[in-house]
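Here is the structure we will look at, set down as structure tokens.
Derivation of every value follows stated rules applied to the coordinates shown; laboratory data play no part. Small disclaimer: the values here were computed from a predicted structure and weren't measured. Here Cβ is always computed from backbone atoms with ideal geometry, including for glycine, and neighbour counts include all displayed protein chains.
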Amino acid sequence: MRGIGHVGAVFELERQGYSFDRVAGSSAGAIVAALLAVGYSGVEIRREMENTDYLKFKEKDLWDYLGAAGMIVSLLLKYGVYATNAFELWLNRLLLGKKKLIFADVYEDGDYKLRVTASDLTDRKLLVLPDDLEEFGIRPETFGIAAAVRMSMSIPVFFEPYRLKDRHGRTHYIVDGGLLSNYPMWILDDGKRPLRYPVFGFKFVNEPEVSCKCRQEESMNLVEYVKAVAATAMDANDNAFISDSRGDYARTIRIPVSAEIGGRKQKIGATDFGISDEESEALFENGRRAAGEFLAGWDFESWLRTYR
């Protein structure tokens, strides 16, 4: 859900004259990056976000309708509470609107415009897609963009993992890229090559004094407990893969994940699918404002002299 903040930052960057040449992302960032790569503008993405019913992404199967016990069965059988088919269909519809569905459609000047990360739980390693699909005997250019993004946004336990067989017939369980790399700026810049264009990163930041929209009961059932563990793990990895020596902090747009609703600030979680219109607009404004403040002090030539 925090990806709405990304959209606000995109909106402001484009308003100030920037366009996107290459994009990379994890989880929510992968969703927005994919839409940018196929040609959507910040204005168009915002319009789609406003017309989307996010609750449909909490896709239930038969077991989930049986309450907590059914959800536990889903965890035991499918390793996730909710399916992600509805999300993939939604994203495919948007990609079809730009007539770009596979990675071959975003291949320009000898490189892919889009890369996303995913976490391979079977081999316990990070995947960069589409490149690492060759390890599974798949030609990267033929793979669906929506399927790759679906892997990248599959928060462990909350969503069922994506299953992919390798050349030997072994099943790999693939989940949210943010589990291992929540800020993949290194995909776009290794810190050594000269840069023709600036590389910007969008990063969510927490305000420690702000409370989250969490359940207030004194106890929780097993499903709520496991989902809380997953959500906490995703948040805790927020500072991974950021290099000060490459100048990453100096080119990072920091987007707060808290919103002031009804005179009270509260943190909006990645899985708050019941987000209100007011909360959605607050997240968008957080991103737009953060990008504006960042650009007000940004100087590419100065950054190059310091870090290159």
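Note on S41 and R254: the model spin-label points, each 7 Å out from Cα along the C-beta direction, lie 3.1 nm apart.
Report the FRET efficiency, 1/(1 + (r/R0)^6), for S19 and Y79, where r is their Cβ-Cβ distance and R0 is 41 Å, rounded to 0.05. It comes out at approximately 0.55.
Net charge near L36, counting Lys/Arg +1 and Asp/Glu -1 over other residues with Cβ under 11 Å of its Cβ? Combined, the nearby Lys, Arg, Asp and Glu give 0.
Listed cross-link partners K78/K99; K113/K265; K98/K265; K125/K192; K100/K165 are compared with a 27 Å cut-off, the Cα-Cα value being larger for K78/K99; K113/K265; K98/K265. Local charge sum around Y112 (other residues, Cβ-Cβ under 15 Å, Lys/Arg +1, Asp/Glu -1)? Surrounding charge for Y112 is -4.
When both segment 275-304 and segment 88-133 are represented by their alpha-carbon centers, they are found 26 Å apart. Summarising the amide proton neighbourhood of G80: residues at separation of 5 or more, or on other chains, whose placed amide H is nearer than 5 Å comprise L75. Here's the picture: a label point sits 7 Å out from the Cα of V205 along the beta-carbon direction, and within segment 286-303 the residues with their amide nitrogen under 17 Å of it are 286-299. The 3J(HN,Hα) values that the Karplus relation (6.51, -1.76, 1.60; θ = phi - 60°) gives for segment 123-128 are, in residue order, 9, 6, 8, 7, 10, 10 Hz. Gly and Pro appear as x.
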